[in-house]
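Enquirer: Mind having a look at this structure? Questions to follow.
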Amino acid sequence: MASVCTTLAIIGMIYISPVLIPALVLVGVLYDLFNSELPPGIDQPLKLRFFNAVMISAMLAGKMLQKVGICNDFTVLRILLDGIPPWRDSKLLIKDLRVDEVPLRIYQPKSPPTGKRRGILYFHGGAGTFGSIRAFERICRYMAKKCNSVVVSVGYRLAPEHPYPGQYFDCLNATLYFMRNLEEYHVDPALIIVSGDSCGANFATVICQILLNNRDLPKVRAQVLLYPGLQGLDFQLPSYQQNASVPILYRKLVLYFCFRYLNKEPKFLKDILHNCHVCESVRSKYKKWVSADLIPDEFKIRGYVPPTPPSYKPEVYETIKEVLALTFSPLLAEDSVICQLPEAYIVTCEFDVLRDDGLLYKKRLEDNGVQVTWYHSESGFHGILAFFGYGIFSFFSGKKIVDNLVNYINSL
């Protein structure tokens, strides 16, 4: 079905291309110019502005094609972000298979193993609605080679076609398959790493928490969380305020993607941005874990205004109550769960609305005695790893993030 939608979308784009594509690109450029903020210090701002305009144009094209019944509004964006397939790699053995209808791609170094290898599960980003194995092909190949590891990239099924919380079950089933077949891939059961970026890091966090209850499987050695989104409680944290208009993930887009992920019509966006979906008792209960007061002052220098206490609106809560569930907000898990988790490697980016989610989870883990290795990209922005491996189209900060990640994995 997905391939049919993709074909229809391509046909639709060809049909409208002579007139509308230039117009859509122009609209994307203008939207970016008038709505984006590129703070001093962000990595290669002109390049980022270009990619953001292209992404906006793809979303507009998708909405137009959806209105005429050709495809899903995310189809064009998915095609764009799939990227260009890389050349065959003579140093890797790459295998595709399906586990319970979920596609996996397994990367193994061709060189004979001198001992058992690390096993890395990778869940890609994309708000649960776009992204793919192919989109993150380059980073998975790089890890497999540089870390001499077996990397399993999980192509969990996307919302809204496959409703939430099915993505978590897809990731869990893929993880269980891999853990039960380590011998086949010559993987050391003591060196299993669960990783992901953005919403994929959210999935990785939840999977690590779920696996604590399974005593029949090997323990996860480390969780690798690359600019994770971990909570839907507070959209007024300093990073949300500072980076509200920074590409590629605007604050408003976070909520739009949340609604599409949950297969709901976007509404009450302004109320949710002001946290009107959270009642006082819930806010008080979790203030010890989710609060701007817990963010170090150095991350408030670019500006932070403590918000006026919001008025709780039950109808707003009912609209988006799923964001307070532990599957969506694993940052809200109890201390009795957090203290059992494996050590973590957390990446945050300065110019990312989700930056403070990573900082808060880092603090929670450390407060519960879990070892954390933290890398903060001073010039990075959300989604930067999607451009990794594309030469002049990549970003310097993305390469630094991946190289530091590789160094961490090799240290385990």
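The values are calculated or read from the model by the stated rules, or taken from the named source; none is laboratory data. All values derive from a computational prediction rather than experimental measurement. For neighbour counting, all protein chains shown are included, and Cβ atoms are generated from backbone atoms with ideal geometry for every residue, glycine included.
Enquirer: I'm trying to understand the selection: among the residues of region 40-65, which are touching a residue at least 60 places away in the same chain (Cβ under 8 Å), in contact with a Ser or Thr (Cβ under 7 Å, 6 or more places away or on another chain) and in a helix (DSSP H, G or I)?
Expert: Arg49, Asn52
Enquirer: List the pairs whose first member sits in region 366-379 and is over 22 Å from Glu350 (Cα atoms), whose second member is among the basic types (Lys, Arg) and crowded, with 16+ Cβ neighbours inside 10 Å, and whose Cβ atoms are under 9 Å apart, counting only residues at least 6 apart or on separate chains?
Expert: Here the result reads Val370/Arg364, each pair linking region 366-379 to a residue that is among the basic types (Lys, Arg) and crowded, with 16+ Cβ neighbours inside 10 Å.
Enquirer: Checking the condition outside any strand (DSSP E or B), buried (at least 20 other Cβ atoms within 10 Å of the Cβ) and over 17 Å from the mean Cα position of the chain (by Cα), which residue from Ile401, Ile392, Ile409 passes?
Expert: Selected residue: Ile409, the only one of Ile401, Ile392, Ile409 that is outside any strand (DSSP E or B), buried (at least 20 other Cβ atoms within 10 Å of the Cβ) and over 17 Å from the mean Cα position of the chain (by Cα).
Enquirer: If I ask for residues that are under 17 Å from Arg117 (Cβ atoms) and of a type outside the set (Asp, Glu), which ones from region 181-205 would you list?
Expert: Correct list: Asn181, Leu182, Tyr185, His186, Val187, Pro189, Ala190, Leu191, Ile192, Ile193, Val194, Ser195.
Yes/no per residue for (1) more than 21 Å from Asp73 (Cβ to Cβ); (2) in contact with an Asp or Glu (Cβ under 7 Å, 6 or more places away or on another chain); (3) surrounded by fewer than 20 Cβ atoms within 10 Å (Cβ to Cβ):
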site	(1), (2), (3)
Leu92	yes, no, yes
Asp96	yes, no, yes
Glu101	yes, no, yes
Lys110	yes, no, yes
Ile120	yes, no, no
Cys140	yes, no, no
Ser149	yes, no, no
Gly166	no, no, yes
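Enquirer: Going by the conditions given, is Lys285 surrounded by fewer than 15 Cβ atoms within 10 Å (Cβ to Cβ) and over 27 Å from Arg157 (Cβ atoms)?
Expert: So Lys285 passes the test.
Enquirer: Is one or more of the residues making up region 186-205 of a type in the set (Asp, Glu) and either closer than 14 Å to Pro330 by Cα or modelled with pLDDT under 95 (or both)?
Expert: no
Enquirer: Still on this model: Go through region 306-322 and count every residue that is out of contact with any Lys or Arg (no Cβ under 7 Å at 6 or more places or on another chain) and in a helix (DSSP H, G or I).
Expert: 8
Enquirer: Mind checking whether some residue in region 186-205 is surrounded by fewer than 16 Cβ atoms within 10 Å (Cβ to Cβ) and either among the aliphatic types (A, V, I, L, M) or in a helix (DSSP H, G or I) (or both)?
Expert: For region 186-205, residues surrounded by fewer than 16 Cβ atoms within 10 Å (Cβ to Cβ) and either among the aliphatic types (A, V, I, L, M) or in a helix (DSSP H, G or I) (or both): present.
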